[in-house]
Amino acid sequence: MALAAARRVPACILLRAGARLQGAALGLAEQAAGGRDGARRFGSQRVLVEPDASAGVAVMRFNNPPVNTLSLEFLTELVISLEKLENDKSFRGLIITSDRPGVFSAGLDLREMCGRSPAHYAEYWKAVQELWLRLYQSSLVLVAAINGACPAGGCLMALTSDHRILADNPKYSIGLNETLLGIVAPFWFKDTLVNTIGHRAAERALQLGLLFPPAQALQVGIVDQVVPEERVQSVALSAIAQWMAIPDHARQLTKAMMRKATASRLITHRDEDVQNFVSFISRDSIQKSLQLYLERLKQKKG
Amino acid sequence: MALAAARRVPACILLRAGARLQGAALGLAEQAAGGRDGARRFGSQRVLVEPDASAGVAVMRFNNPPVNTLSLEFLTELVISLEKLENDKSFRGLIITSDRPGVFSAGLDLREMCGRSPAHYAEYWKAVQELWLRLYQSSLVLVAAINGACPAGGCLMALTSDHRILADNPKYSIGLNETLLGIVAPFWFKDTLVNTIGHRAAERALQLGLLFPPAQALQVGIVDQVVPEERVQSVALSAIAQWMAIPDHARQLTKAMMRKATASRLITHRDEDVQNFVSFISRDSIQKSLQLYLERLKQKKG
Amino acid sequence: MALAAARRVPACILLRAGARLQGAALGLAEQAAGGRDGARRFGSQRVLVEPDASAGVAVMRFNNPPVNTLSLEFLTELVISLEKLENDKSFRGLIITSDRPGVFSAGLDLREMCGRSPAHYAEYWKAVQELWLRLYQSSLVLVAAINGACPAGGCLMALTSDHRILADNPKYSIGLNETLLGIVAPFWFKDTLVNTIGHRAAERALQLGLLFPPAQALQVGIVDQVVPEERVQSVALSAIAQWMAIPDHARQLTKAMMRKATASRLITHRDEDVQNFVSFISRDSIQKSLQLYLERLKQKKG
């Protein structure tokens with residue numbers, strides 16, 4: 001079976017194992033950050049939404065310890081926050097970034113895919129689809145301030161943005177590394193990547209499960225800018241200002257025109273895609289492999 | 001409304017406002033150029049067609065003062081000249097260039113889109129479609145010698161060529177900058193750009209309404225060569241010679257194979273595309289914005 | 001007629017004319033290579049298949065003197081060998097390379113297209129389709145070690161690989177140069193090239209029949225690596241090891257996802273494509289031109 005045959009340590013798992021230590025060490029920083037609460041417009045514990053000084057811009061900070069794994073709960077809160085922002089006419093632009101040090105998002109949550117019922121798998125996958133559809137079709141200007149590692153589902157979120165800025169830290173690599181885990185990125189992950197870096201580069205990156213460090217990420221075009229870590233947020237604000245200088249209506253129609261075919265492909269095959277996921281993840285061999293991973297992970301933590 | 005929200009001065013409008021002065025200052029040059037008339041094979045006052053020294057090559061010079069705006073009359077003459085050239089077996093290659101200093105073509109004519117009847121809008125849009133279909137599906141080798149600013153509809157004409165040479169002058173930028181005017185490039189403009197620079201670069205360029213100066217234009221691939229201004233014509237002749245060295249029949253079939261899907265998309269949806277344009281441009285809000293622009297333009301001229 | 005209008009000496013023909021001398025001079029080398037026979041697992045005189053030291057990798061050496069032209073017999077042996085390898089679970093990766101010095105493969109065999117019956121043309125074209133479908137949809141990791149000139153059908157084989165390494169020799173150019181011969185690459189050759197180097201670069205390369213020397217080949221992305229000639233095989237082994245480190249099942253599903261649409265286009269239109277080829281190649285004008293070429297070729301040899 002594929003998962004069992006994996007020869008590389010999956011980056012996603014490593015991130016989650018290592019991040020508990022990071023999380024613990026950063027308790028102080030988290031408390032200090034609590035002072036921002038007063039500025040929250042809406043959002044939740046896991047999704048901090050703050051209006052920025054610049055008019056019309058909201059900053060959404062991912063805060064699902066330890067590594068912003070996309071649990072069903074986190075996904076749900078993300079979608080609700082995005083919906084609110086779309087409907088709030090005071091916002092025309094959104095910066096997505098992480099409140100967790102060292103990681104933008106570790107991607108999908110393997111615990112949601114292991115030892116649960118088919119109904120749970122279906123519910124989880126629908127939530128992943130929903131997040132992608134919301135982000136990819138957002139009428140807001142969307143800028144990703146990628147201030148940490150950005151594998152798999154984290155990369156998918158970044159790819160839905162209009163502009164991507166990656167912090168220049170060799171530990172912060174970005175890519176769809178699903179094959180390293182023995183799993184396969186669904187066709188709409190693939191479409192999003194092909195639209196960004198082209199067919200050949202996507203074919204190579206997806207098959208090899210490549211995680212691009214900053215310089216390579218810029219070269220292949222999976223991000224638009226690489227800047228010093230401390231400048232990610234300020235550069236994101238400059239970038240979003242450039243995009244917001246364009247008349248909204250024309251920009252939104254143009255964005256929809258560029259993305260419609262890709263979004264429609266999932267919308268048309270949404271149920272089928274859920275069925276595929278449920279039947280793939282329910283296989284004994286896949287479940288066995290996922291269990292092994294999660295047990296190994298617990299041992300590392302203990 | 002979108003147009004009203006525009007925060008940048010649209011480049012297209014500026015070109016037309018500024019060009020009257022240029023045009024006036026160049027009366028002498030125009031008279032001197034009159035000596036070329038004897039060489040005209042066909043064409044009109046606005047579309048000068050000259051056979052070049054090189055066998056089988058025609059040079060088409062745009063001459064619709066002040067800035068080669070694509071008026072209905074100019075569009076009609078362009079299409080007639082192209083049709084004649086396609087049917088004249090003595091020509092296998094065509095260089096398109098401008099006879100107006102400083103501008104290749106300022107693009108679509110806003111006066112054709114403002115204060116007219118729906119029937120006029122429909123007629124105008126059909127003419128724009130017709131020009132694109134003629135150029136994009138031309139069986140001739142088509143080389144664009146871009147010797148001036150090349151926004152919007154001017155860029156579209158250049159994009160239909162087999163090879164694009166841009167004069168190395170920082171004022172000569174090229175791009176589909178429709179969003180800056182609060183309008184949206186139709187899907188076939190978009191398709192032509194995506195085919196040239198890829199999906200991601202097109203998404204960014206179209207949303208931001210980017211006009212690329214020469215060095216950037218070369219880097220993104222919207223032109224193939226950037227050469228000193230005085231060498232544009234001679235380089236165009238060298239380039240077209242390379243293309244004409246290929247057996248015509250094989251080259252034409254290959255070109256058709258590459259472009260068929262894109263051309264068919266418009267041909268199939270041609271009436272629908274006209275309806276979309278007419279209904280969009282007829283909106284009160286759009287008409288109001290266009291009127292404001294045109295009035296401001298007249299004041300600048302006065 | 002197109003073929004008659006060709007102004008350049010077609011590279012493919014030159015290769016075949018020149019290679020007889022090379023082949024004669026290399027009789028010694030061929031005998032010496034006979035020592036490899038003991039290692040052959042399967043394959044034929046024309047298709048040498050050897051398991052490599054690295055577990056799970058087979059090396060397929062093209063050996064159809066003088067220049068690995070894709071005769072019907074050679075095509076058939078290639079397809080049979082590929083089928084055997086696909087079904088042999090001891091192999092997960094395949095390196096394709098040439099046993100003929102100076103040429104990877106000269107491409108399609110004009111003698112199969114000239115002076116034969118329509119039934120023969122149809123049989124030949126089906127074999128070309130079959131080879132492409134086998135290679136493009138292979139579940140094996142496929143690496144091309146391009147150790148010689150690689151025009152037309154030779155390039156097509158290379159393009160089906162997951163990774164392409166070209167020997168750094170200015171004589172070893174690669175490309176789909178069909179237009180130079182007055183013929184047209186079929187749509188699936190075109191699709192394969194577009195998937196590799198993008199729409200614009202493919203449009204230019206196909207129309208001009210470009211053969212890229214190593215540095216240009218790397219720049220346009222038609223190959224992934226250019227290395228010194230003596231290192232092609234060792235680099236190919238390193239490259240295939242990187243790809244084989246990925247869990248097979250996930251990699252295969254990902255590869256299939258990337259290539260399915262392109263392969264399906266031919267599968268759906270396979271008979272129609274055969275009919276097109278037979279009717280094109282049967283034209284008097286095409287047959288006349290091919291005969292002229294082949295006669296000129298014989299004179300050069302004599």
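Using C-alpha pairs below 8 Å separated by at least 6 residues, the relative contact order for the range B:118-253 is 28 percent. Angle of helix C:248-268 to the longest C-alpha principal axis of chain C, folded into 0 to 90 degrees and rounded to 10: 10°.
For chain C, the longest principal axis of the alpha carbon atoms and the long axis of helix C:199-208 meet at an angle near 50°. When the inverse distances between all different Cα atoms of the range B:81-195 are averaged and flipped, the Kirkwood radius reads 15.1 angstrom. Counts of other chain beta carbons within 10 angstrom of each beta carbon in peptide C:196-208 average 6.
Using a probe of 1.4 Å on the protein chains alone, the accessible area found for A:Ile183 is around 30 Å². Over the range A:166-274, the ratio between the Cα radius of gyration and 2.2 N^0.38 Å evaluates to 1.24. Indicate the gyration tensor shape class of the range A:171-217 (rounded, prolate or oblate), computed on the Cα atoms with a ≥ b ≥ c the square roots of the eigenvalues: a/c under 1.5 is rounded; otherwise a/b larger than b/c is prolate and the rest oblate. Here the range A:171-217 falls in the oblate category.
For the cross-link pairs C:Lys126/C:Lys190; A:Lys190/A:Lys255; A:Lys190/A:Lys298; B:Lys190/B:Lys260; C:Lys89/C:Lys255; A:Lys190/C:Lys260, the ones whose C-alpha atoms lie over 23 Å apart are A:Lys190/A:Lys298. Tell me the angle of helix C:232-244 to the major Cα principal axis of chain C, expressed in degrees between 0 and 90 and rounded to the nearest ten. Rounded to the nearest ten degrees, it is 60. Could you tell me how far the Cα centroid of the range B:194-265 sits from the Cα centroid of the range C:101-175, in Å? Measuring centre to centre over Cα atoms gives 29 Å. Estimate the FRET efficiency between C:Lys89 and C:Asp168 by the formula 1/(1 + (r/R0)^6), using the beta-carbon distance for r and 35 Å for R0, to the nearest 0.05. Efficiency, rounded to the nearest 0.05: 0.45. Peptides A:261-269, B:285-293, C:174-182, C:159-167 ranked from most to least packed by the mean count of surrounding Cβ atoms within 10 Å: C:174-182, C:159-167, B:285-293, A:261-269.
Using R0 = 60 Å, the C-beta based FRET efficiency linking C:Gln45 and B:Arg111 works out to 0.20. With the convex hull drawn around the C-alpha atoms of chain C, the volume per residue stands at 126 Å³. Shielding value for B:238-244 is 1, the average number of Cβ atoms from other chains within 10 Å of each residue's Cβ.
Extending 7 Å from Cα along the Cβ direction at C:Ser279 and again at C:Lys260 yields two label points whose distance is 3.2 nm. Shown for the range C:164-268: the carbon plus sulfur share of the solvent-accessible area, taken with all protein chains present and a 1.4 angstrom probe, equals 56%. Does the range B:50-140 classify as rounded, prolate or oblate by the C-alpha gyration tensor (a ≥ b ≥ c root eigenvalues; a/c under 1.5 gives rounded; else a/b over b/c gives prolate, otherwise oblate)? It is oblate, given that a/c is not under 1.5 and a/b is not larger than b/c. Dividing the Cα radius of gyration of the range A:232-302 by its Kirkwood radius returns 1.28 for Rg/Rh.
In chain B, the beta-carbon sitting nearest the axis that superposes B on A belongs to the residue given here with its distance in angstrom, B:Gly198, 3. Here is the size of the range A:116-179 from its Cα atoms: Rg then Dmax, 13.7, 41 Å. Summed over both chains, the area buried between B and C is near 2100 Å², taken from the accessible surface of protein heavy atoms with a 1.4 Å probe.
The values are calculated or read from the model by the stated rules, or taken from the named source; none is laboratory data. Fair warning: this is a prediction, and the values are worked out from it, not measured in the lab. Neighbour counts are summed over all protein chains in view; Cβ atoms, including those assigned to glycine, are modelled from backbone coordinates with ideal geometry. Areas reflect the complete protein model, heavy atoms only, side chains present, ligands, DNA and RNA absent. Shrake-Rupley method; radii C 1.70, N 1.55, O 1.52, S 1.80 Å.
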